[in-house]
Amino acid sequence: MTAILVDDEKHCRDVLGLLLQRYCPQVQLLASCSDGTEGYRAIEMHQPDLVFLDIEMPGMSGFDMLEACRFTRFDVIFTTAYNEYAIKAIRHNALDYILKPIDKDELVQAVQKAEQERLTRATPKVEGFIEYLHRQKTGDRIALPTMEGLQIINSEEIYYCESDGGYTRFFLTNGKIVLISKTLKEVEDVLETKGFCRVHHGYLINLRYVQRYIRGDGGEVIMENNKNIPVSRNKKQEFLNLLEKI
């Protein structure tokens with residue numbers, strides 16, 4: 001298999017290149033790129049079988065680079081530090097990833113999986129993932145099915161959502177409240193990749209509007225509209241991890 005790797009940290013590129021040489025001799029490394037722009041050019045030039053790709057890079061992120069690619073007939077293995085949003089997106093599309101620092105056994109397993117999938121799958125999963133990224137960027141507008149019909153809003157217009165049995169209330173930045181006949185779990189499935197977090201069985205909040213967090217058993221969030229929202233004990237750590245990445 002031919003491959004390129006894209007990572008803005010030189011020591012990460014060096015380590016990965018060494019591990020590939022030592023433990024994955026079937027992989028021929030064609031290029032080692034320091035940013036997304038360089039990686040994009042290398043992909044177009046070499047048309048590799050496999051791309052090892054970091055996500056968080058200055059300028060053009062790994063996701064941005066994939067969207068820019070015209071040649072997409074390759075498999076991708078993400079090499080990344082932990083990022084809740086990114087990992088959810090990758091898992092959603094059944095793509096492979098290795099958390100840094102890279103473990104040689106995980107690397108070997110990921111490469112073997114990529115080899116096997118190339119033999120059994122006609123279309124690389126990365127093509128579906130790129131379509132997913134496009135939908136996420138154009139999909140900030142969501143349709144709320146109300147009694148009067150569909151109300152189209154942007155996700156950034158939502159402060160938080162509150163469960164009411166089989167219904168969900170949307171509290172909007174313009175002060176309006178919209179009630180729809182969907183459960184909070186159904187709403188969470190749509191909004192979890194748009195910067196929202198389920199902090200309690202009854203609440204899904206927009207992280208961009210968190211004003212304060214008050215410590216406690218689970219704790220409490222103060223939103224920008226001065227609404228106090230409880231954080232359940234079992235959701236506390238996930239919420240704090242996401243908050244640190246804003």
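The values are calculated or read from the model by the stated rules, or taken from the named source; none is laboratory data. Everything numeric in this text was worked out from a predicted model, so none of it was measured. Note that we place each Cβ from the backbone using ideal geometry, even for glycine, and neighbour counts take in every protein chain shown. Side chains included, ligands, DNA and RNA excluded: accessible areas come from the protein's heavy atoms. Shrake-Rupley method; radii C 1.70, N 1.55, O 1.52, S 1.80 Å.
Go through region 132-143 and report how many residues are exposed (fewer than 13 other Cβ atoms within 10 Å of the Cβ) and at pLDDT 75 or above.
2
For region 215-246, which residues satisfy the criterion of being loosely packed, with under 11 Cβ neighbours inside 10 Å and in contact with a strand residue (DSSP E or B) (Cβ under 9 Å, 6 or more places away or on another chain)?
Asn226, Asn228, Ile246
Using the structure shown, decide if Val15 is part of a helix (DSSP H, G or I) and over 28 Å from Asp189 (Cα atoms).
For Val15, the condition - part of a helix (DSSP H, G or I) and over 28 Å from Asp189 (Cα atoms) - is met.
Kindly state which strands (runs of 3 or more DSSP E) lie completely within region 88-169 and contain at least 2 residues that are over 28 Å from Glu67 (Cβ atoms) and of a type in the set (Asp, Glu).
158-164
Quick one: which of Tyr160, Tyr209, Tyr167, Tyr203 is open to solvent by 60 Å² or more (accessible area, probe 1.4 Å), of a type outside the set (A, V, I, L, M, F, W, C) and more than 18 Å from the chain's Cα centre (by Cα)?
Unique residue meeting the criteria: Tyr167.
Which residues, counting only those in region 216-246, are under 18 Å from Lys185 (Cβ atoms), free of Cβ contacts under 8 Å to residues at least 60 places away in the same chain and in a helix (DSSP H, G or I)?
Asn234, Lys235, Phe239
Would you confirm whether or not region 56-75 contains a residue that is aliphatic (A, V, I, L, M), outside any helix (DSSP H, G or I) and at pLDDT 95 or above?
no
Among the listed residues Thr37, Thr79, which satisfies the condition of being open to solvent by less than 20 Å² (accessible area, probe 1.4 Å) and either within 25 Å of Glu131 (Cα to Cα) or not in a helix (DSSP H, G or I) (or both)?
None of the other options fit; the residue is Thr79.
With the requirement that a residue be open to solvent by 60 Å² or more (accessible area, probe 1.4 Å) and within 16 Å of Tyr97 (Cα to Cα), what does region 40-65 give you?
Matches in region 40-65: Glu56 only.
Please tell me if Phe196 is at pLDDT below 95 and buried (at least 18 other Cβ atoms within 10 Å of the Cβ).
In short, yes.
With respect to Pro25, is the statement that it is surrounded by fewer than 23 Cβ atoms within 10 Å (Cβ to Cβ) and within 20 Å of the chain's Cα centre (by Cα) true?
no
Could you please find all residues in region 189-215 being free of Cβ contacts under 8 Å to residues at least 40 places away in the same chain and in contact with a helix residue (DSSP H, G or I) (Cβ under 9 Å, 6 or more places away or on another chain)?
Answer for region 189-215, where residues must be free of Cβ contacts under 8 Å to residues at least 40 places away in the same chain and in contact with a helix residue (DSSP H, G or I) (Cβ under 9 Å, 6 or more places away or on another chain): Arg198, His200, His201, Leu207, Val210, Tyr213.
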